[in-house]
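These notes concern the structure reproduced below.
The values are calculated or read from the model by the stated rules, or taken from the named source; none is laboratory data. Remember, it's a predicted structure, so these values are computed and weren't measured experimentally. Note that each Cβ is placed from the backbone with ideal geometry, even for glycine, and that neighbours are counted across all protein chains shown. What goes into the accessible areas is simple: the full protein's heavy atoms, side chains included, and nothing from ligands, DNA or RNA. Shrake-Rupley method; radii C 1.70, N 1.55, O 1.52, S 1.80 Å.
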Amino acid sequence: MGGRLKLGVSVERFPIAGGFTISRGSKTEAVVVVASINDGTHTGRGECVPYARYGESIEGVVTAIEACAGAVAEGLTRAELQSLLPAGAARNALDCALWDLEAKRSGQRAAELAGLPPLRAVTTAFTLSLGSPEAMAARAREARHYSLLKLKLGGDGDDERMRAVREAVPRARLIVDANEAWQPHDTESLLATAAAEGVELVEQPLSAGNDGLLAEIERLVPVCADESAHDSPSLEGLSSRYDAVNIKLDKTGGLTEALLVAERARELGLKIMVGSMVATSLAIAPALLVAQGADWVDLDGPLLLARDRVPGLLYEGDRVFPPEPALWG
């Protein structure tokens with residue numbers, strides 16, 4: 001990219017419908033950081049969600065993006081960005097903004113720029129926030145028109161949560177996410193319950209860095225790395241402990257690295273889940289490029305909000321459709 005480009009950074013807040021609870025806590029709004037890059041005619045945008053679990057804050061991510069203004073003005077490329085910032089939310093926003101700007105300037109869709117066929121709609125999971133077994137069962141019944149439900153779990157009482165939800169929706173496909181909340185002494189029995197209830201994937205049962213047990217036990221249900229997997233180098237050694245990896249652009253530091261993570265995961269024999277933080281359609285749109293070949297897709301962030309940005313992605317039931325150029329890419 002030639003010419004001087006102008007970088008903008010903004011913090012935006014979107015209320016969550018009814019709140020959102022996982023094992024680490026609850027929140028009532030999605031706070032996102034948006035990077036925009038303008039060439040005087042076109043503007044490329046990228047959205048990220050700083051995550052305290054990875055040592056990120058809104059202020060820190062904004063500062064990291066703003067520090068790149070000089071490099072952006074001089075025509076920062078996506079390849080150069082990979083060494084300018086580490087994997088994480090700040091690099092994600094900038095990387096996706098550069099993809100979007102390149103698409104708008106060239107008149108090509110981002111998928112075409114990435115060497116992919118035209119995007120198609122994909123089926124996404126719908127997430128049930130952590131709660132009592134009774135509350136989660138009631139929520140599952142309300143969401144029974146979604147074919148794939150994702151249960152947020154929290155450790156104590158997870159057996160009852162899985163059983164209650166399965167009884168409420170006997171025909172739904174189920175995946176569960178423990179968000180590192182299980183203990184080593186409970187993991188085998190909880191995996192056995194998951195298998196008995198027809199759960200088809202368990203995300204990150206044990207804490208990252210303390211998941212060696214997974215290589216030693218019989219995994220009755222495929223286990224997916226989330227907090228244990230970030231960029232492509234982090235995948236090395238995971239295949240003995242995990243069967244799948246959850247690729248999130250906020251972890252990989254953008255679409256550029258996410259596509260490489262997907263390629264490396266396949267080489268290692270790992271199945272692929274594509275997920276995201278609770279965010280707007282602007283964050284979800286680039287993830288749809290990675291989701292095209294995924295085994296599971298969890299891109300329901302906009303469905304969890306009280307309002308999405310406009311224009312947003314089109315959701316019809318559990319199907320999410322490719323973005324219009326006005327949104328991204």
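In debye to the nearest 20, how big a dipole does the chain give about its Cα centre with +1 on each Lys and Arg Cβ and -1 on each Asp and Glu Cβ? Write out the running numbers ahead of the final one.
On the way: 33 positive and 46 negative charges, 196 e Å.
Using only the charged Cβ atoms, the result is roughly 940 debye.
What whole-number distance in Å separates the alpha-carbon centres of the stretch 106-131 and the stretch 245-279?
12
Would you compute, from DSSP H runs of 4+ residues alone, the mean residue ellipticity of the chain at 222 nm, taking -39500 (n - 2.57) per run and dividing by the full residue count, rounded to the nearest 500?
-9000 deg cm²/dmol
Cα centroids of the stretch 55-105 and the stretch 217-232: how far apart, whole angstrom?
What the calculation gives is 28 Å, centre to centre.
Which semi-axes, in whole Å and largest first, does the equivalent ellipsoid of the stretch 75-146 have when worked out from the alpha carbon gyration tensor as the square roots of 5 times its eigenvalues? All intermediate terms of the calculation are to be shown ahead of the outcome.
On the way: eigenvalues 286, 73, 14 Å².
Output for the stretch 75-146: semi-axes of 38, 19, 8 Å.
Cα gyration tensor of the stretch 205-299, axes a ≥ b ≥ c as square roots of the eigenvalues: rounded (a/c below 1.5), prolate (a/b > b/c) or oblate?
prolate
Can you give the % of DSSP beta bridges in the chain that are antiparallel, to the nearest 5? Each step should come with its number before you reach the end.
Details: 24 of 46 bridges.
Roughly 50 percent of the DSSP beta bridges within the chain come out antiparallel.
Let's see if you can work this out: charge +1 on each Lys and Arg Cβ, -1 on each Asp and Glu Cβ, no other charges. What is the dipole magnitude of the stretch 178-273 about its Cα centre, in debye to the nearest 20?
On the way: 7 positive and 18 negative charges, 46 e Å.
It comes to approximately 220 debye.
Could you give the nm distance between label points at A208 and S10, where each point is 7 Å from its Cα heading toward the beta carbon?
Placing both labels 7 Å along Cα→Cβ, they lie 3.0 nm apart.
How big is the Kirkwood radius of the stretch 4-70, worked out from every pair of different alpha carbons and given in Å to one decimal? The partial results should precede the final answer.
Working: mean 1/r = 0.0745 Å⁻¹.
Evaluated over the stretch 4-70, this radius sits at 13.4 Å.
So how many Lys-Lys pairs in the chain land under 24 Å Cα to Cα, not counting same-chain pairs under 8 apart?
Count of close lysine pairs: 14.
For S276, S240, S26, what's the largest-to-smallest order of accessible area, 1.4 Å probe?
On the way: S276 30, S240 65, S26 90 Å².
I get S26, S240, S276, largest accessible area first.
Between C96, A69, Y51, whose Cα lies farthest towards the positive end of the dipole of the stretch 1-119 when Lys and Arg beta carbons carry +1 and Asp and Glu beta carbons carry -1, centred on the Cα centre?
Of the candidates, Y51 comes out farthest on the positive side.
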